[in-house]
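Report on the following structure.
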Amino acid sequence: MAFLAVLLAALTATQVYGAFAPERRATCAGGQRVKNAECCAWFPVLEDIVPNMFGGECGDDAHGALRLTFHDAIGFSRSGGGGGGADGSIIVFNDTELMFNANAGLDDPIDTEAPFITKHKVTPGDFIQFAGAVSLSLCPGAPQVGFFMGRPPPKAPAPAPDGLVPEPFDSVSKILARMSDAGGFSPEEVVALLSSHSVAGADTIDPTIPGTPFDSTPSIMDTQVFIEVQLKGTLFPGPEPGQGEVESAVAGEMRLESDHLIARDSRTSCFWQEMAGNQSRMQQQFAAAFLKMSMIGHNPNSLIDCSDVIPAPPALPANAGPHLPPTLDQKDIQQACPTSAFPTFPVLPGPAETVPAIPQA
Ligand code: HEM
Ligand SMILES: *[C@@H]1O[C@H](CO)[C@@H](O)[C@H](O)[C@H]1NC(C)=O
Ligand SMILES: *[C@@H]1O[C@H](CO)[C@@H](O)[C@H](O)[C@H]1NC(C)=O
């Protein structure tokens, strides 16, 4: 814990003092300068996967790669009996782990990533976390997250056992306990990690409507998910609710029961509210928790900092400020934090919107 804190503090310091040209000790074949020479190996991977795996966009493949980082890493238990954490076991032992209900739909990103892992001869654990970090670099508004390399291949027999990946129908207590046991995450860090649901949707909760987004702006990483999940739910996007789905406030948008309850639980509601509309807070908190997640199952001291390979994401578009969806208003916000009021946001003009599905890769 202490060394991780030191490491995260060091990373923040690097970002803060980045303007003073941090020492870059190696020059890669392509001319890029990096702190650690081993990291040069990742530039060809980066240049391949951005166009050829992600199509250069924050779309379905980027979302799937981001989700995969979580489902691989979280397969670990501090109390014993877990898998190896962020070790690539979800790919290497796909025959086991993809049978788990919580991993439904991950065959898509795994099929997408597997040929690139073979081609570039990197470990699956490193590749999954690298691809997740790179996927975020394509999402306007996302923070520039860190990436460390050096995860060995999963040790056999190393599939994670079933039951370690949170389900959208789990209670808040169960989710918080699991996240603490897996990675020592605080309730605040769990909320921070859920910023990922800003660039996300569901394919399997209601299989009749694949690509149904969790907020109205799934191709940018803004804080709309924190605002929209706090609205009173009125509709289901599909013909029938799936397991772990509750009513959302916007047509075409799906709300997970877990997100809904975490937004309203006394242990998490105030922090959830602080994220709404605070882009820089969301970015900082998410980046720190995401890096911590990428190291589950590993001693950070045995990994090499290759954060300087990850490109900076584009900024949010100028017209993408936090807002309430058209026709809704502040009265539709279900206040949950007992100590301060939910911030107010302008209502987007125009008729009630129907959020289009995320085009499927
Ligand atoms: C902690 C509790 C969490 C629960 C219960 C949960 C649940 C879910 C569910 C049910 C889906 C939809 C899957 C489908 O039907 O296709 C989903 C999608 C997604 N989740 Fe989570 N999630 C959690 C945390 C996270 C975390 C920590 C991350 C990453 C840091 C993450 C990233 C994503 C992404 C990017 C998608 C969209 C995938 C796509 O659009 O293809 N989730 N999540
Ligand atoms: C696991 O991966 C192998 C190799 O890509 C593939 O043939 C197999 O169908 C996969 N299994 C599952 C359950 O997805
Ligand atoms: C946003 O969060 C930062 C901390 O990350 C805080 O200093 C700032 O006051 C917050 N802004 C608002 C408007 O709440």
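Since every read-out is calculated from the coordinates, none of them should be taken as a lab result. Because the structure is a prediction, the values reported are computed rather than measured. Cβ sites come from the backbone with ideal geometry, for glycine too, and all protein chains shown count toward neighbours.
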Longest principal axis of the chain (C-alpha) makes with the long axis of helix 172-183 (C-alpha) an angle, in degrees to the nearest 10, of 10 degrees
Per principal axis, largest first, the Cα atoms of region 67-188 extend in Å by 40, 38, 26
For LYS174, counting only aspartates and glutamates whose alpha-carbon sits under 20 Å away and dropping same-chain residues fewer than eight positions off, the answer is ASP72, ASP162, GLU188, GLU189, GLU245, GLU257, ASP259, ASP265
The residues VAL165, VAL246, sorted from fewest to most surrounding Cβ atoms within 10 Å, come out as VAL246, VAL165
Expected sort for 195-205, 219-229 on mean C-beta neighbours within 10 Å, highest first, is 219-229, 195-205
Only helices counted: for the chain, with every DSSP H run of 4 or more residues adding -39500 (n - 2.57) and the sum spread over all residues, [θ] at 222 nm is -10500 deg cm²/dmol
In degrees rounded to 10, the 0-90 angle between helix 124-137 Cα long axis and the longest Cα principal axis of the chain is 50 degrees
Restricting to Cα pairs under 8 Å and 6 or more apart, the percent relative contact order of the chain works out to 21 percent
Straight-line reach check, LYS35, cutoff 17 Å on alpha carbons, 8 or more apart in-chain or any other chain, hits among aspartates and glutamates -> GLU23, ASP305, ASP308
Dividing the surface of the Cα convex hull of the chain by four yields a projected area in nm² of 17.5 nm²
Straight-line reach check, LYS155, cutoff 25 Å on alpha carbons, 8 or more apart in-chain or any other chain, hits among lysines -> LYS119, LYS121, LYS292
